[in-house]
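Since every read-out is calculated from the coordinates, none of them should be taken as a lab result. What you see is a predicted model, and the numbers here were worked out from it, not measured in a lab. Cβ placement follows ideal geometry from the backbone for every residue including glycine, while neighbour counts extend to all protein chains displayed.
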Amino acid sequence: MTLLSVQNLHAYYRTEAYGISRTVRAVDGVSFDLFPNEIYGVAGESSCGKTTLIKVISGSIKHPLKAFEGSVNYNFGDYKVDMLQISQSELRRNVRWKRISYVMQGSMSVLNPVRKVIKTFEDIVDTHEHITDKNEFLQRTRTHVNRLGLPTDVLNAYPHQLSGGMRQRVAIALATVFQPALIIADEPTTALDVVVQRGVLHMIKDIQAKSNNTVLLVTHDMAVHANVADRVMIMYAGRIAEEAPTESIFNAPLHPYTQHLINSLPVIGEKSTKASLKGSPPNLADPPSGCRFHPRCPYVMDECRTVAPDLISVKERHRVACHLVKEGSQ
Amino acid sequence: MLKVLRDLLRYDGRFRLAIILLGGVVAMVLLSYDSPYDPGKSFVVPWDLPPSREHLFGTTSRGQDLFWWLTFAVRNSLYLGIVTAIISRVISVLVGLTAGYRGGWIDRVLMAISDTFVVLPLLPILILLSFLLRDSMNLLNLAIILGLFGWSFDARLIRSQVLSLRERSFTRTAIYSGTSGFWITINEHLPFVLPIVFATTLNNILWSIGMEVTLSVLGLSDLTTPTLGTALFWANQHGALVAGVWWWITAPAVVTAILFLGLYLLFTSINEFIDPRTRLRLIGG
Amino acid sequence: MSANEKLLDVQHVTVEFHIGGLLAGTLLTAVNDVSFSLESDKPEIFTLAGESGSGKTTLSRLLLRDLEPTRGKVLFEGRDVSTIRKRAEFIEFMKQVQPVFQNPFDTFSPLRRVDAYLFDTVKNFRMASNRRDAARVVDNALRNVGLSLDEVKQRYPHELSGGQIQRVSVARALISEPKLILADEPVSMVDASLRMEIVNLFKKLRDEQGVSVLYITHDLATAYYISDRIGIMLRGYVVESGPVEDVLERPAHPYTQLLKESVPEPAPEKRESWAKHIELGTTEVKEYGRIGCKFAGRCPQVMDICREADPPDIQVGRQTVKCYLYAEHVETPQAGAQP
């Protein structure tokens, strides 16, 4: 049973000002599925479209962003959602925090800086189920927070009194209060120190292991995916370049871009020179023709400049969009 | 520059409307140089005539053609507004940039002066000054006095902006590029400060014209100089509304409204255009 | 400058801040008795690594003369930098020591064109006498980093990618032909896969142009890749320092071991050690105020003596370690060494 099915999604930003019309094709033909009980990683450089993808699948589609084609369908078992048709009020009442929750880079956006942490918990819980018994709520929240490895006194602190890593973990605690079926984490550890990052990611893994839900983890850092994700999807210029289980992605990456993403990471113990990819991420308002990666690809062929490769299955659960790889060839 | 104006004209309806309204106002100002009547003279035409082909806005109880008299009024009021704005903007920018960037005792002294001006009650002081300087309270002196009172609030705004800009990385980049403090203020900080200055300039112009109207209606300014304010004073003096000379009140009021509305639309549209952040946001930068 | 003068000599520098009000504040020692030096005859890349709150940023601001040390001295080419008062002397200093900042999108004003800063640098440091020569100097500096004046001319920061802006930032720093570049987290805000282009650039500067780099980062992987020597900082102290291969392949201090273990590797088969559970601290101030070793609260090998007084610096092989585990030459197996 699929939790989420995204089919052929096209979502663009269209702006018009002072006579200049611009269409940014941030998500340009993306199809993938999410299953229950897995950690699904989405990798790619900034401005590859992964943040837009997250916005669309979590229902934050606001002008100038618009989904022009495709479908985004959730199946929560007893409850199905068509994310492109659902109303904002329905989203607020039944979906956000309860079935889908969101952890972003920079937890300050979800923590109210002028209120104690416990108050933010109260606000969120109250909008979804009116708190009748205050003590019971406090007890429940303390248990929840402790179970996640956080000391109870964070609840009585103001956000600025906590360190960045602690704030992020509190944001995760907030996101899991209703045990949602899907947690979307968008660069949750990017600005954090390496030890703190480890703690935050451990927390996410523990939560997933205990509640068997699904985590969609978006980050540009392949090393994080290697240690956390079950499956990884590589996005480039609004399209999927490759998608496979983590071991396959790292042991036998098929797409040249995936290979580069992995090879460009320095490793302690290896002093050999690492090359950087030439060129820079493409402009999504004016992407290259054919395969969008062709200007930077070390194996570029003539076909790549004119024809965009289809995303094909090369073996079970491994898909790649590259002219170098023929269907079923692996 | 021309491209900017052309873009604004083509795509911003408010700008187009502003140009039309202010075009009318500027036309009146230009016409004042060609006026067949001297505004200082009275009883040059029959009095209390309603608007007609010969006297566009009618005539006043003092035998003056209202339209031609108002061309001078608009010119003088606009002159007052602009001179006041220039004086107060220049002072506020200088004070704000210096206090913000230098800090220390310079900052404290400048802000103490600024705060003093903020709390001084303007209207009573103006009234007092106009009593004392009755004869030499011409338009230029009034503009200078208003300019000296109109800078303090904005100076503090600008200073706060500079305080935060000082901490940004690009200020440090400029320091390490060998740029002196003065040029850092001009090249790095001023472009951020200008939108504030521009936005409050409109406020300042409207405020000063309004102050002048207040003083004139109370009879405290040089009443022989035609301005939008003295127009209302004289109309009131002769009981225009009661006497049925409605055009004497309506015409200055309508012209004032057109001037204010035109300035407002002009400033809002230009400000939105030059503020790079809104511009960036709109074109998706 | 005599032959055995050091390029940069940081001598027992301490920086204290007063936080809180005048009456009831506390003293925060951001940098505590730190000493290190860089030779002038041998260009090298020296890394100061640590997490946030380690003091590395305070130290970099100190070296750029944003702050004064509470105690200790910083000597550049033999001269105490706090004695630089006149503007002309400061300009000379800046020509030799240039920074590269962390946030590419704040390094240049979003309202100014990027090449303007390069031309400003040329003019202020008198690297050319006319506009045409200046353009040549700027173009050369940009080519040095893999760009050109044509690509960057008249561009605003938002028209370039983060990696490109960082390269421009390095180019600007190179215009005055400095001896030392202070790079404060230059790649932490750049995508992981794009960091190589900047980091390789620093290697090139050291190898081909004799420029030394003081590289401040929390990313141990890039530090390993380019540094010659490294100093690990924790709460104001340098807890371990030495050649980078020794410190990062065979870390002696438990904190360095923790840091190394926490760096995720892009290899799923190596998940196990990274997946081991760890304790995270709550607030930074608590650890600062601790008596004795600052790591005692989370150290898996803590002993009673650790909580009593600051550990001394002990030489272990080619590394210097501030840890009681190595006192009196106790033979403790170092973690990370393959049996």
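Summing -39500 (n - 2.57) over the DSSP H runs of n ≥ 4 in chain C and dividing by its residue number, what mean residue ellipticity at 222 nm do you reach, to the nearest 500 deg cm²/dmol?
One gets -9000 deg cm²/dmol as the mean residue ellipticity at 222 nm.
Which value, in debye to the nearest 20, gives the size of the charge dipole of chain A about its Cα centre, when Lys and Arg are +1 and Asp and Glu are -1 at the Cβ?
Roughly 560 debye, rounded to the nearest 20.
Calculate the spin-label point distance for B:Leu17 paired with B:Thr214, positioning each point 7 Å from the Cα along the beta-carbon direction, and give it in nanometres.
Going from the B:Thr214 label point to the B:Leu17 one covers 2.8 nm.
What is the sum of charges, Lys and Arg at +1 and Asp and Glu at -1, for the other residues whose Cβ falls under 12 Å from the Cβ of C:Pro99?
Within the 12 Å Cβ shell, the charges total +1.
Place a +1 charge on the Cβ of each Lys and Arg in the protein assembly as shown and a -1 charge on the Cβ of each Asp and Glu, then give the dipole magnitude about the Cα centre in debye, rounded to the nearest 20.
It comes to approximately 1220 debye.
In the protein assembly as shown, what percentage of the DSSP-assigned beta bridges are antiparallel, given to the nearest 5?
Counting only bridges with both partners in the protein assembly as shown, antiparallel ones make up about 60 percent.
So what is the relative contact order of chain C, in percent, for Cα pairs below 8 Å that sit 6 or more residues apart?
Rounded, it is 19 percent for chain C.
Between C:Asp66 and B:Leu223, how high is the FRET efficiency from 1/(1 + (r/R0)^6) when r is the Cβ-Cβ distance and R₀ = 56 Å? Nearest 0.05.
0.40
How many percent of DSSP beta bridges within chain A run antiparallel, rounded to 5?
Once the DSSP bridges in chain A are tallied, antiparallel ones form about 60 percent.
Projecting each Cα onto the charge dipole of the protein assembly as shown (Lys/Arg +1, Asp/Glu -1 at the beta carbon, about the Cα centre), which of C:Val34, C:Thr217, C:Ser169 comes out farthest on the positive side?
C:Ser169
If contacts are Cα pairs under 8 angstrom and at least 6 residues apart, what is the relative contact order of chain A in percent?
20 percent.
From the backbone phi of the stretch B:56-62, what are the Karplus-calculated ³J(HN,Hα) couplings (6.51 cos²θ - 1.76 cosθ + 1.60, θ = phi - 60°) in whole Hz, Gly and Pro given as x?
3, 10, x, 10, 8, 5, 9
Which of C:Lys42/C:Lys95; A:Lys55/C:Lys270; C:Lys95/C:Lys153; A:Lys66/A:Lys98; C:Lys56/C:Lys123 have a Cα-Cα distance over 21 Å?
From C:Lys42/C:Lys95; A:Lys55/C:Lys270; C:Lys95/C:Lys153; A:Lys66/A:Lys98; C:Lys56/C:Lys123, over 21 Å: A:Lys55/C:Lys270; C:Lys95/C:Lys153; A:Lys66/A:Lys98; C:Lys56/C:Lys123.
For the stretch C:292-307, in order, what is each residue's ³J(HN,Hα) by Karplus, 6.51 cos²θ - 1.76 cosθ + 1.60 with θ = phi - 60°, in whole Hz (x at glycine and Pro)?
Running phi through 6.51 cos²θ - 1.76 cosθ + 1.60 with θ = phi - 60° gives x, 5, 5, 8, 4, x, 10, 7, x, 10, 5, 10, 4, 4, 4, 8 Hz.
Counting Lys and Arg as +1 and Asp and Glu as -1, what is the net charge of the other residues whose Cβ lies under 12 Å from the Cβ of B:Gly178?
+3
Stretch A:Asp302-A:Gln88 to full length: gain in nm at 0.36 nm per residue minus the Cα-Cα span?
Residue separation times 0.36 nm, minus the Cα-Cα distance, leaves 72.4 nm.
Scan chain B and report its longest stretch carrying no trypsin sites (Lys or Arg not before Pro) that are both in a DSSP loop and have at most 11 other Cβ atoms within 10 Å.
B:54-285
Relative contact order of chain B, please, whole-number percent, based on alpha carbon pairs below 8 angstrom and at least 6 residues apart.
27
What is the helix-to-structure angle for C:162-174, meaning the angle in degrees between its Cα long axis and the longest Cα principal axis of chain C, kept from 0 to 90 and rounded to the nearest 10?
80
In debye, nearest 20: dipole of the stretch B:72-282 around its Cα centre with unit charges on the Cβ of K, R (+) and D, E (-)?
580
What FRET efficiency comes out for A:Asn112 versus A:Glu247 if R0 is 60 angstrom and r is the Cβ-Cβ distance? Round to the nearest 0.05.
That pair, A:Asn112 with A:Glu247, gives E of 0.90.
Considering only DSSP beta bridges whose two residues both sit in chain C, what percent are antiparallel, to the nearest 5?
So the antiparallel bridges in chain C amount to around 60 percent.
Which FRET efficiency value, to the nearest 0.05, is calculated for C:Lys204 and B:Ile125 with the Förster distance at 56 angstrom and r the Cβ-Cβ distance?
The formula returns an efficiency of 0.25 here.
Sum -39500 (n - 2.57) across every DSSP H segment of at least 4 residues in chain A, then divide by the residue count to get the 222 nm mean residue ellipticity, nearest 500.
Value at 222 nm, helices only: -8000 deg cm²/dmol.
Assuming a ≥ b ≥ c are the square roots of the Cα gyration tensor eigenvalues, decide whether chain B counts as rounded (a/c under 1.5), prolate (otherwise, with a/b larger than b/c) or oblate.
oblate
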